[in-house]
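Written out below as C-alpha cells is the structure these notes cover.
The values are calculated or read from the model by the stated rules, or taken from the named source; none is laboratory data. Just so we're clear, the structure is a prediction, and the values are computed from it rather than from any experiment. Heads up, the Cβs are rebuilt from the backbone with ideal geometry, glycines too, and the neighbour counts pull from every protein chain shown.
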Amino acid sequence: MTAPLLHVQDLVVRYKPRGLFAQAPPPAVNRVSLSLPEGATLGVVGESGSGKSSLLRAILRLVPAESGSITFGGADWLSLRGPELRLARQGIGVVAQNPFLSLSPRLTIAQILSEPLLARGDRPGPDMVAQTAALLSRCGLPPDFLPRRARELSGGQAQRVAIARALALGPRLLVLDEPTSALDVSVQAQILNLLMDLKADFGLSMLFVTHNLKVVAHISDLLMVMHQGEVVESGRAESVIADPAQPYSRALMGFRPRP
Amino acid sequence: MTLLEIKALSVTFPSNTGPVQAVRRVDLQIERGSIHGLIGESGCGKTMTGMALLGLAPQGARIAADVFRFDGMDLTTHAASLRGRRIALISQDPAAALNPVLTIGRQMDDVLRTHSAQPKAERRVAAVALLTATGLAGPELLLKRYPHQLSGGMQQRVVIAQALATGADFLIADEPTTALDVTVGAQVLALLRKLVAERGLTVLMITHDMDVVAAVCDRATVLYAGLSVEEGPARAILTHPRHPYAAALLAALPDAVPHGQRLAAIEGRIPSPTQPITGCAFALRCPSVMPVCHEVPPPRRGGSDHGWLCHLDGQAP
C-alpha cells in the first residue's frame with residue numbers, strides 16, 4: 001500500500017489560557033490521528049466545540065500544534081517554514097462555508113479566479129483568461145460569468161466560483177469547511193454532485209468537515225466522528241452510517257424515521 | 001377545531017419595476033393543539049407568511065387575503081394586538097431575541113409584568129415555574145445569568161419560556177433549531193412537542209429541514225415561489241409527496257439515493273418575485289412538465305385531507 005497523502009498522528013491543539021494565572025484549557029483537539037489515502041474523501045463530523053474546526057486549522061497551519069505530527073505528500077508538514085510552506089500550501093485548496101464572505105464583493109469573478117495564479121507568479125494575459133474560463137466551466141458555470149461580481153450570483157453559483165478558485169493551482173487535497181451548510185437542499189445536491197464529479201475526474205483527495213452527518217456520509221469514503229476534541233468513531237462511511245457504534249454518532253444521524 | 005384559517009394570502013411590495021410578490025397565494029388551515037410545518041427553500045415566502053401573521057410585515061407591504069382569521073378574529077386588523085398576547089414568535093437566533101445587557105430574570109419579569117398585575121414575588125415564582133417547564137435546570141440561578149453565559153439550546157429554551165409567559169397559545173417557530181447543534185435541536189423539538197401535548201399549544205413550524213418535519217409535525221404545507229403547492233399529513237408528504245416540487249425536494253436529500261451516487265438536484269432557479277406566473281410556478285424546473293403547464297394555472301387535486309396543485313393527476317414521478 002502506498003503512503004497516505006495526509007497523515008495526522010496524535011495531534012494535540014490547545015489554545016492559550018485566558019489570563020496569566022488561569023488554568024490551561026482542555027485541548028481543543030486531543031490526540032487525533034487520521035489517514036487520508038490519495039484520491040479518497042474523509043468526512044469529519046462533529047457539533048460545535050467538537051474540535052473539527054481546530055483540527056482543520058492545524059492542518060492548514062493556521063494554528064500551531066502542541067504535539068503530534070502531520071505529513072502531507074510525504075513531507076513533514078509541521079516543520080515547513082517561510083517560502084517552503086508557501087509553495088507546499090499550493091497543494092491544498094480551501095472552500096469555506098459562506099461564499100459571500102470568502103469571495104471579495106469588489107472583484108469580478110475573473111479577478112477572483114486569477115488571483116491565486118498571479119500570486120504564484122503566472123503572467124496575466126490571454127492564457128490566464130482561457131485558464132480561468134476553463135476552471136469556471138469545469139465547475140458548471142459558463143464563461144459569461146467572468147465579468148460579473150459575487151453579489152450578483154446565487155449562493156450555489158457563488159460556491160461554484162469558490163470551488164473553482166480552490167482548484168486554480170491544481171491542488172492534491174481539497175479542504176471543505178461546511179461547504180453546503182449555507183445552501184438550500186436543492187442547491188446542496190448540485191454542489192455535492194459537482195464535488196463527486198471533480199473527485200472522479202481529477203482523483204482529488206478531500207477533507208470534508210461538517211456538522212451534517214448525512215451530507216458528508218454520502219460523498220465520503222471514510223468517516224470520522226469527533227466529540228469534545230476526540231475521535232469517538234471512525235471507519236468506512238457506509239459502515240458508520242449503516243451501524244453507528246456510538247450512541248453519539250446515532251444522535252447525529254438525526255431523528256428522521258425511515259419511511 | 002380550527003385555530004388559524006388563511007385563504008389566498010398575498011404579500012406584495014410595490015416597486016418602480018412592478019409589484020414584488022413575496023407571497024403569491026398561500027392557504028393554511030391549522031387545528032388547535034397541532035404542529036403544522038411550513039416547508040420551503042429560501043425565497044419561497046415562508047418567513048414573510050409568518051411575519052404577516054404577526055403583523056410584522058415590513059413597511060409598505062400590501063397584505064391581502066380572502067380569509068385571514070385567527071380564532072374567529074380577522075388578522076388584517078388584529079394581528080398587531082394579538083402578537084404578544086395570543087401569538088408569539090420563536091426565532092432562528094435566540095441570542096438576537098434576548099437582550100444581551102439584561103439578566104434572564106429581568107427579561108422574564110419584563111414579560112410577566114406586562115401581562116399580569118401580580119406582585120414581584122409572585123412573578124418571580126412564575127418565572128421559575130416557566131423556566132422549569134422548558135426543562136431548564138437550576139432556574140433560580142439562571143435568573144441572575146446573562147444570555148451570553150447560556151448555551152444556544154438554553155437560550156432557545158428561555159425564549160420559549162418568554163413566549164409562554166405572554167400567555168400565547170399559538171407559537172410561530174421560524175427555523176428554531178437551525179442555529180443549534182443536531183442533538184440540542186432534537187431536545188428543543190421534543191420540548192415543543194411536550195408543550196403542545198401538555199398545554200394545548202399550537203405551533204406553526206417554519207422550516208426547510210425535512211428531519212424537523214418528520215420529528216414533530218402533524219400536518220405540513222409546502223411552499224414554492226410564494227404559493228402553497230401541497231398540504232396534507234406530514235407523514236404522507238414525506239413518504240408519498242404528490243406535487244413534483246415536493247417530490248424533487250425530498251429526492252435531492254442525500255439519504256434518497258444509495259451511498260456515493262449522484263443526487264437528484266433540481267436544476268434552474270426559483271422564479272423571481274417580480275416575475276408574473278402564468279401557468280404553474282414549477283413548470284420551468286419540473287421533470288414531468290407538459291405544454292399545458294406553461295399556459296394554465298394548475299388545478300387543486302386530492303381531497304380535503306391531502307391536496308396539491310398540479311396538472312398531473314396525482315401520479316408524482
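The table below gives the values:
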{"quantity": "Residue ranges of helices (runs of 4 or more DSSP H) in the range B:42-135 with at least 3 members without any contact (Cβ under 8 Å) to a residue 40 or more places away in the chain", "calculated": "B:75-82, B:104-115, B:120-133"}
{"quantity": "Spans of helices (runs of 4 or more DSSP H) in the range B:185-303 with at least 3 residues of a type in the set (A, V, I, L, M, F, W, C)", "calculated": "B:210-216, B:234-239, B:244-251"}
{"quantity": "Which listed residue is within 21 Å of B:Gly40 (Cβ to Cβ) and at pLDDT below 95, from B:Ser304, B:Ser288", "calculated": "B:Ser288"}
{"quantity": "Residues satisfying the stated conditions in the range B:164-206, i.e. touching a strand residue (DSSP E or B) at 6+ places or on another chain (Cβ under 6 Å) and among the polar types (S, T, N, Q)", "calculated": "B:Thr166, B:Thr202"}
{"quantity": "Identity of the residue in the range A:25-43, polar (S, T, N, Q) and either surrounded by 15 or more Cβ atoms within 10 Å (Cβ to Cβ) or in a loop (DSSP other than H, G, I, E, B) (or both), that ends up farthest from the chain's Cα centre (by Cα)", "calculated": "A:Asn30"}
{"quantity": "Filter result for B:Gly37 (in a strand (DSSP E or B) and within 14 Å of chain A (Cβ to nearest Cβ))", "calculated": "yes"}
{"quantity": "Any chance A:Lys199 is on the phi < 0 side of the Ramachandran plot, modelled with pLDDT of 90 or more and within 14 Å of another protein chain (Cβ to nearest Cβ)", "calculated": "yes"}
{"quantity": "Test: B:Asp305 is more than 14 Å from chain A (Cβ to nearest Cβ), in contact (Cβ under 8 Å) with a residue 40 or more places away in the chain and either out of contact with any Ser or Thr (no Cβ under 9 Å at 6 or more places or on another chain) or buried (at least 16 other Cβ atoms within 10 Å of the Cβ) (or both)", "calculated": "yes"}
{"quantity": "Residue, nearest to the other protein chains (Cβ to nearest Cβ), within the range B:253-271, restricted to residues that are surrounded by fewer than 23 Cβ atoms within 10 Å (Cβ to Cβ) and within 22 Å of the chain's Cα centre (by Cα)", "calculated": "B:Leu253"}
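One line per residue, one yes/no per condition, for (1) farther than 16 Å from A:Ala40 by Cα; (2) within 13 Å of chain B (Cβ to nearest Cβ); (3) without any contact (Cβ under 8 Å) to a residue 24 or more places away in the chain:
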site	(1), (2), (3)
A:Leu192	no, yes, no
A:Leu195	no, yes, no
A:Phe208	no, yes, no
A:His218	no, yes, no
A:Leu223	no, yes, no
A:Glu238	no, yes, yes
A:Ala242	yes, yes, yes
A:Pro247	yes, yes, yes
A:Arg250	yes, yes, yes
